[in-house]
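To start, the structure itself, in structure tokens.
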Amino acid sequence: MAETKKIAVIAGDGIGPEVVAEAIKVIRKTEEVFGYKFEFEHGLFGGIAIDERGTPLPDDTLQLCKNADAVLLGAVGGPKWDNNPKELRPETGLLGIRKALGLFSNLRPAFVFDCLIEASTIKEEVLRGTDLIVVRELTGGIYFGEKFRREGPNGQEAVDTCVYSVPEVERIARQAFEIAMKRGKRLASVDKANVLESSRLWRETVIRIAADYPEVELEHVLVDNCAMQLLRRPTSFDVIVTENMFGDILSDEAAMLTGSIGMLSSASMGEGSFGLYEPVHGSAPDIAGQGIANPIATILSVALMFRLTFGYEDAASAIEAAVKSVLDAGHRTGDIAVDKSKAIGTVAMGDLIAAAIAK
Ligand code: NAI
Ligand code: MG
């Protein structure tokens, strides 16, 4: 009997609860097929928590997440809360939970389903076989450095500072090497070491950590070149590790190689195997409540959870294979359908994927 794993579920707002329900359906099916055991605890988070509890991240929700082995998050936000003061905005809860849980990296896989290549803006022969993951540092860099305005000789000036410490680079580098060891054993470290001092420290540190991972083939890529190579030779990348702002930009670029936002999964990790898993997309208020949202991003986030937190590689691969087989059979939600009149809804897509899960 497998040990029962605790999953904190914070479905959030808009389509969050709709797509999370399908992810839970898929998790239940893996219990049946693989004999794993999961326990779900649901917490209020985001706009709904603001309405019901007066804060986007209630203490009991945070506690629930801390006590869990992993967190499954839907999405938060919506026009209703957009004009609220900062402490009463759903996004504030998102930043707060990542910080409180010590999550310092954001992982975004980008892989291409052959049957969806026609929907991409990139040429088929360039794209086919793309399967990479971007590991983005989340807690340092220019987003968190000192920022201020001052009077200069030509009027007002604005200053943002980019700071990285050795331990910050070490922990993200180690994590990226560990991920590379479990994948294709190739790591591209992206920096701007020809110009930035913080990038020089980044590169020195990555080189030092690389000594512990002799099996991983390491390349250093300047960020501007990486932006180019992602479009020119995406199949040559396996794991990409980079600092906060470069990762923000490159992970969006990499994601768009592979199609709809409704397909893209993510994980946020800290030390150890604990992680928070969520689709890349938001709460999609324009389609919420209509039962047409694509649940695949959230379902693929579960595959990441199984792989990275639980080490259930068999079930993770089975989920990905199930998604592929359902897509190969021609089933599409509206966002990925060429012929929108044949599109199926959220629940139907979840049912098909759950049914396709097999050993
Ligand atoms: P969004 O990702 O919610 O929607 C962008 C577009 O993609 C919309 O047309 C939407 O209908 C479509 N879309 C998104 N997910 C889809 C899915 N699973 N299936 C089919 N279509 C899908 O981004 P938007 O509109 O900029 O933001 C809406 C709200 O979500 C805002 O309040 C924003 O702050 C919040 N947000 C929350 C995030 C999170 O919880 N991590 C991330 C991004 C935005
Ligand atoms: Mg971004």
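Inside the stretch 178-193, residues that are β-branched (Val, Ile, Thr) and assigned to a helix (DSSP H, G or I) make up a count of 1. Being in contact (Cβ under 8 Å) with a residue 40 or more places away in the chain and more than 29 Å from VAL71 (Cβ to Cβ) holds for only one residue in ARG200, ARG233, ARG208, ARG183, and it is ARG233.
Going through the stretch 173-193 one residue at a time, which ones are in contact with a helix residue (DSSP H, G or I) (Cβ under 9 Å, 6 or more places away or on another chain), surrounded by 21 or more Cβ atoms within 10 Å (Cβ to Cβ) and not charged (D, E, K, R)? Answer for the stretch 173-193, where residues must be in contact with a helix residue (DSSP H, G or I) (Cβ under 9 Å, 6 or more places away or on another chain), surrounded by 21 or more Cβ atoms within 10 Å (Cβ to Cβ) and not charged (D, E, K, R): ALA173, ALA176, PHE177, ILE179, LEU187, ALA188, SER189, VAL190. In the stretch 256-266, the condition of being at negative phi and modelled with pLDDT of 95 or more is met by at least one residue.
Look at (1) under 19 Å from VAL135 (Cα atoms); (2) away from ligand 1 (no atom under 12 Å from the Cβ) and you find that MET263 fails only one, number (2).
Only one of the listed residues (SER273, SER268) is touching a residue at least 12 places away in the same chain (Cβ under 8 Å) and within 14 Å of ligand 1 (Cβ to nearest atom). That residue is SER268. Report yes if some residue within the stretch 39-51 is buried (at least 24 other Cβ atoms within 10 Å of the Cβ), aliphatic (A, V, I, L, M) and assigned to a helix (DSSP H, G or I); otherwise report no. The answer is yes, given that some residue of the stretch 39-51 is buried (at least 24 other Cβ atoms within 10 Å of the Cβ), aliphatic (A, V, I, L, M) and assigned to a helix (DSSP H, G or I).
Only one of the numbered conditions (1) in the same structural domain as LEU101 (by TED's automatic domain parsing); (2) buried (at least 23 other Cβ atoms within 10 Å of the Cβ); (3) within 16 Å of ligand 2 (Cβ to nearest atom); (4) not aliphatic (A, V, I, L, M) is not met by GLY282, and that is (2). Residues in the stretch 58-92 that are in contact with a Ser or Thr (Cβ under 8 Å, 6 or more places away or on another chain), within 19 Å of GLU41 (Cβ to Cβ) and either of a type in the set (S, T, N, Q) or more than 16 Å from ligand 2 (Cβ to nearest atom) (or both): ASP69, ALA70, LEU72, GLY74. Of all the listed residues (GLU243, GLU215, GLU253), the sole one being touching a residue at least 60 places away in the same chain (Cβ under 8 Å) and either more than 16 Å from ligand 1 (Cβ to nearest atom) or not assigned by TED's automatic domain parsing to the domain that holds GLN63 (or both) is GLU243. Within the stretch 301-315, is there a residue that is assigned to a helix (DSSP H, G or I), closer than 30 Å to GLN63 by Cα, of a type in the set (Val, Ile, Thr) and more than 16 Å from ligand 1 (Cβ to nearest atom)? So far as the stretch 301-315 goes, yes, one or more of its residues are assigned to a helix (DSSP H, G or I), closer than 30 Å to GLN63 by Cα, of a type in the set (Val, Ile, Thr) and more than 16 Å from ligand 1 (Cβ to nearest atom). Only a single criterion out of (1) free of Cβ contacts under 8 Å to residues at least 12 places away in the same chain; (2) under 18 Å from the mean Cα position of the chain (by Cα) is not satisfied by GLU32, namely (2). The stretch 194-263 holds helices (runs of 4 or more DSSP H) entirely within its bounds, and those carrying 3 or more residues that are away from ligand 2 (no atom under 16 Å from the Cβ) and in contact with a helix residue (DSSP H, G or I) (Cβ under 6 Å, 6 or more places away or on another chain) map to 197-210. Answer yes if at least one residue in the stretch 67-81 is more than 21 Å from THR139 (Cβ to Cβ), touching a Leu at 6+ places or on another chain (Cβ under 6 Å), more than 14 Å from ligand 1 (Cβ to nearest atom) and outside any loop (DSSP other than H, G, I, E, B), and no otherwise. No, there is no match, as no residue in the stretch 67-81 is more than 21 Å from THR139 (Cβ to Cβ), touching a Leu at 6+ places or on another chain (Cβ under 6 Å), more than 14 Å from ligand 1 (Cβ to nearest atom) and outside any loop (DSSP other than H, G, I, E, B). In the stretch 15-53, the residue that is farthest from ligand 1 (Cβ to nearest atom) out of those that are among the small types (Gly, Ala, Ser) and touching a helix residue (DSSP H, G or I) at 6+ places or on another chain (Cβ under 8 Å) is GLY43.
The values are calculated or read from the model by the stated rules, or taken from the named source; none is laboratory data. All values derive from a computational prediction rather than experimental measurement. Quick reminder, even Gly has a Cβ in these numbers, built from the backbone with ideal geometry, and neighbours come from all protein chains shown.
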